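> Mind looking over this structure? Questions follow.
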Amino acid sequence: MNKELVKELCDLIKGEILLNELLSKHTSFRIGGHADVWIYPKDISDIKNILTFCNSYNIPVTTIGGGTNVLISDKGIRGVVLNLEHGLCGIKTKRERITCGAGALLSKLLKQASKEELTGLEFAVGIPGTVGGAVGMNAGTKEIRNLEYISIGDLVESVKVIDMNGNVSELRKDDLCFEYRKSNLSEYIILEIKLKLKTGSKKEINDRISRLLEHKKSTQVLDIPSAGCIFKNPDGHSAGKLIDEAGLKGLAIGDAQISEKHANFIVNNGNASAQDVLNLIKKIKLTVFEKTGVKLEEEIKIIGI
Ligand SMILES: Cc1cc2nc3c(=O)[nH]c(=O)nc-3n(C[C@H](O)[C@H](O)[C@H](O)COP(=O)(O)OP(=O)(O)OC[C@H]3O[C@@H](n4cnc5c(N)ncnc54)[C@H](O)[C@@H]3O)c2cc1C
């Protein structure tokens, strides 16, 4: 984007604008080239103005939350990248209902819910990133006692969104569709989420959080950069188990390695490039398909490639 356009954009909005921002700083994988323009919009009117501006100059717009489920190209992202963590991050509770800005951290929402003795969100412990990212991805976890999947979509009452033309609307339960790690919100920027929880006991909530966190710590890789699970679990299978049984655990390409602890995690041992990760993903898909006939599908979002 040339200087004149940047100046015009600066005059239009109240939020912070960063030029040529390194995206590896904003992803849990610690991978990703530069964004032409990174913006922390201050409010919804900033987002509207950015969209109108970008549409009139044909500039692409991408939204990144906590960057914990993305693989961003080594070449980065052209155009404008929006991040809502500074401007749209409020959390308000009214009895069993919580209204939350899409840029709020999921961990902060969980903390607030447990403080207010509201139950239902405990499964989110240890899931990094923002509430907007979690709702778009329908983030969830297998409840360890009864082995049921619980996802954030189960708790959502409504979602305020803006479409790429700048129209804001409120989507209610009937308009929303949540499936395993999928929602019908991919055409929108998620702005605000209303969740309905249940009143619970502080002790039971905290016990459940501790139990799930212990389970996470023992099964997932939390101390080396990654993007969580790379693949969705295919129907009736565990992606991690398929990769493990294909003998791939520990395989590395460059600094990208299939975790020894959890075969559905690829870790960045230092200087992995997006291309290293992509090559490893290709190798895993091919090997698992050859050995089992099962096609693995990425859970992570690959951006800029
Ligand atoms: C160690 C680790 C453990 C994890 N464990 C789990 C787990 O147990 N369960 C699970 O489900 N996931 C897990 N994840 C994956 C990830 O944390 C979740 O998917 C998370 O909810 C993504 O949120 P985010 O804000 O980081 O989204 P991002 O990674 O920033 O974005 C994900 C996608 O959502 C889009 N997006 C983000 N914000 C918005 C918005 N406001 N409006 C529209 N689109 C948006 C992005 O464009 C992108 O397509 C884990 C990841 C890590 C690194």
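The values are calculated or read from the model by the stated rules, or taken from the named source; none is laboratory data. Just so we're clear, the structure is a prediction, and the values are computed from it rather than from any experiment. Please note: Cβ atoms are built from the backbone with ideal geometry, for glycine as well, and neighbour counts cover all protein chains shown. Remember, those area values only see protein heavy atoms, side chains included, never the ligands or the DNA or RNA. Shrake-Rupley method; radii C 1.70, N 1.55, O 1.52, S 1.80 Å.
> Taking R0 as 35 Å, what's the FRET efficiency between residue 154 and residue 279 from their Cβ-Cβ distance, rounded to 0.05?
Numbers: r = 36 Å, r/R0 = 1.04.
Plugging the Cβ-Cβ distance into 1/(1 + (r/R0)^6) gives 0.45.
> Let me ask something else. Report the Cα centroid-to-centroid distance between region 238-305 and region 28-48 in angstrom, as an integer.
What the calculation gives is 28 Å, centre to centre.
> While we're here: Compute the accessible area per residue over the chain, keeping the other protein chains in place, probe 1.4 Å, unit Å².
49 Å²
> Provide the gained length on full extension for the span residue 215 to residue 25, in nm with one decimal, where the gain is 0.36 nm per separating residue minus the Cα-Cα distance.
Length gained between residue 215 and residue 25: 65.6 nm.
> Could you tell me the ratio Rg/Rh of region 247-291? Both radii from Cα atoms, Rh via Kirkwood.
Result for region 247-291 is an Rg/Rh of 0.95.
> List the trypsin sites (Lys or Arg not before Pro) within region 65-163 that fall in a DSSP loop (any state other than H, G, I, E or B) and whose Cβ has at most 13 other Cβ atoms within 10 Å.
75, 95, 145
> Leaving out ligands, DNA and RNA, what percent of the accessible area of region 174-305 is carbon and sulfur, probe 1.4 Å?
Of the solvent-accessible surface of region 174-305, carbon and sulfur hold 48 percent.
> Of the chain, which part is the longest with no chymotrypsin sites (Phe, Trp or Tyr not before Pro) in a loop (DSSP not H, G, I, E, B) and with at most 16 other C-beta atoms within 10 angstrom?
Values: sites that count: 57, 180.
Answer from the scan: 181-305.
> Further question: So between residue 290 and residue 2, what do we pick up on full extension, going 0.36 nm a residue minus the alpha carbon distance?
That pair, residue 290 and residue 2, stretches by 98.8 nm at full extension.
> Relative contact order for the chain: what percent, with Cα pairs under 8 Å and sequence separation of 6 or more? Working shown, then result.
On the way: 646 pairs, mean separation 52.1, N = 305.
Averaging sequence separation for qualifying contacts and normalising by length gives 17 percent for the chain.
> Anyone know which of 17, 64, 266 comes out most mobile in the 10 Å Cα GNM of the chain?
For the chain, modelled as a Gaussian network with Cα springs under 10 Å, the answer is 17.
> Right, another one. Which value in nm describes the separation of the simple spin-label points at residue 99 and residue 261, placed 7 Å from the Cα toward the beta carbon?
4.0 nm
> Same structure again: Report, in cubic angstrom per residue, the convex hull volume of the C-alpha atoms of region 181-224.
Taking the convex hull of the Cα positions in region 181-224, it is 159 Å³ per residue.
> Using mean Cβ contacts within 10 Å as the protection proxy, how do 1-8, 134-141 order, highest first?
In decreasing order of mean packing, 1-8, 134-141 become 134-141, 1-8.
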